[in-house]
Structure formats: structure tokens, C-alpha cells
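See below for the structure under consideration.
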Amino acid sequence: KFKRITKDPTNGIKQRVNALILKINNCFEEDKLSKLIGEYAPGYLYGVVKTHKVGNPLRPIISQCPTPTYLLAKYINSVISPYCPSSYSLKSSLDFVDLVHSCRNDGICAALDVESLFTNVPVQETIAVICGCVYNHETLPPPVIPEELLIEVLQICTTESPFRHPNQSLFLQVDGVAMGSPLGPTFANFYMGNLETNILHKFQLKPLL
């Protein structure tokens, strides 16, 4: 999932991001994104304590705020989010409570949890899922950004964002998505939404709810 690197690639990534920004802006009559100016740096790794688990392990967060891909990731996240599969999704815990109160109460409530979800989301497979949803949506028109450009943007924002370990070593996350990336939750939602849709579609005996 992670690759140790010896040289900081930030300046080269900044140049490539600016080239992508130019391509994106060429898709619109007015510029959507501003060119990157100034200093950027690798992201940084820190931990959040899991107070609800035995031993209080740390949840690793990779903040990408200082990286040259951060603002591009935020923008492209806003573009693709409306296309995310939502057949089996809830917007909040309150929606879940309302749903439970409205259904029969003679069944079994089951929970399945994906271990280390963000780290285990397969990036290339998920990019293919995203493109399938974005450019073949049943009701929403596709964005003006070409598919080839979207793929390039998604790849650089997920697999080429260096970060610094607390011991000052540099790493790239080459697969999976980072908690701390604007695209992290969105990638997880696209992958799991597609997985759930495919699995439940094949079942003859479906869950009551």
C-alpha cells in the first residue's frame, strides 16, 4: 500500500497539477481553477486515538492540505460526488432511526464492517467504477471534463500525493485512499455502493430492509 521514497517529488507534482488545471479550464468558457502559485509540501501522517477500542490504537490520518493535489482533489470531488451509487445509502444516523421505526420488528439486525476500509479500497478498480457511474448515469448528464482527463486527475490525486512520517521519512500511498484526502470518503462510497448494488442484485432472497 505504501512506497518509501528518498526524494521529495512535490515540485514536479505541482507542475503536472498546473498542466491538468489548464486542461480542465480549457473545457469551460471561464476558468474554474486557479493556477498553483507559491510553496507546497508533502502531507503529514498523524494518529487519532480510537477511544472505543481495547488498547486505544491509533487511526492513521494523512493530511494532504499542504500538497499541490489538495485543491484539485476537492474540486474533482465536487464534480463526481453527485454520481455516487446511493440505492443502499443513508444520509445520516437520523435517517437510519426513522427507517428502523417504520419497518417490521421481527427480523434480525446484522452489521458488516470492512476492516481498514480506506486503505483497502482498490484505487484503479474504483476509478473504473467512478467513470462508469459518471459517464453512464441513468439520469444525470456527464460532466464536460473528458473521461481520459478525469482518470488522470483521479490517479495523481490518490497515488501521487507524498506524505511525511513522524520520523521524517517520505512515502507515497500507491493503493488504497487516505483518511485526510478529500477523495477518501468518496472513493470508499463509490466502491462500496457499487459492490452492494452488484451483490444484492444477484440475490434471489433479498434482505427485508
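The values are calculated or read from the model by the stated rules, or taken from the named source; none is laboratory data. Remember, predicted model here, so these are calculated numbers, not experimental data. All Cβ positions, even for glycine, are placed from backbone atoms using ideal geometry, and neighbour counts span all protein chains on display. SASA here: full protein model, heavy atoms, side chains in, ligands and nucleic acids out. Shrake-Rupley method; radii C 1.70, N 1.55, O 1.52, S 1.80 Å.
For the options TYR70, TYR46, TYR191, a Gaussian network treatment of the chain with springs between C-alpha atoms closer than 10 Å singles out TYR46 as fluctuating the most.
Per-atom-type breakdown for the chain gives carbon and sulfur 55% of the accessible area (1.4 Å probe, protein chains only). For the residues GLY184, GLY193, GLY47, a GNM of the chain with alpha-carbon springs under 10 Å puts the largest fluctuation on GLY47. What does the extension gain come out to for ASP106 and LEU195, with contour length at 0.36 nm per residue minus their alpha carbon separation? Separation in residues times 0.36 nm, less the Cα-Cα distance, equals 29.3 nm.
Taking the chain as a Gaussian network, Cα atoms linked when under 10 Å apart, which of CYS157, CYS109, CYS65 shows the biggest mean-square fluctuation? Of CYS157, CYS109, CYS65, the Gaussian network model singles out CYS109 as fluctuating most. On full extension, the segment bounded by THR139 and SER81 gains 19.5 nm, given 0.36 nm per residue less the C-alpha separation.
Scattering from the chain was approximated by placing one identical point on each alpha carbon and applying the Debye formula without solvent; log10 I(q)/I(0) at 0.12 1/Å stands at -0.73. Shown are VAL121, VAL100, whose ranking by accessible area with a 1.4 Å probe and every protein chain present, most to least, is VAL100, VAL121.
Say a paramagnetic label sat at a point 7 Å from the Cα of PHE2, along Cα to Cβ; which residues of segment 56-74 have their backbone N under 20 Å from it? Label zone hits: 56-70. Can you work out D for segment 42-162 in µm² s⁻¹ from Stokes-Einstein, where Rh is the Kirkwood radius over C-alpha pairs, the temperature is 10 °C and the viscosity is 1.306 mPa s? Value of D from the Cα-based Kirkwood radius: 90 µm²/s. Ellipticity at 222 nm from helices only: DSSP H runs of n ≥ 4 in the chain, each -39500 (n - 2.57), divided by the residue count, give -12500 deg cm²/dmol. In this calculation the C-beta distance from LEU208 to LYS32 is compared with R0 = 41 Å, giving a FRET efficiency of 0.35. In plain terms, if you count all Cα to Cα distances in segment 9-89 and split them into 10 Å steps from zero, the share in each step is 15, 32, 27, 20, 6, 0 percent. Rounded to the nearest 10 degrees, the angle from helix 70-80 to the longest Cα principal axis of the chain is 40 degrees.
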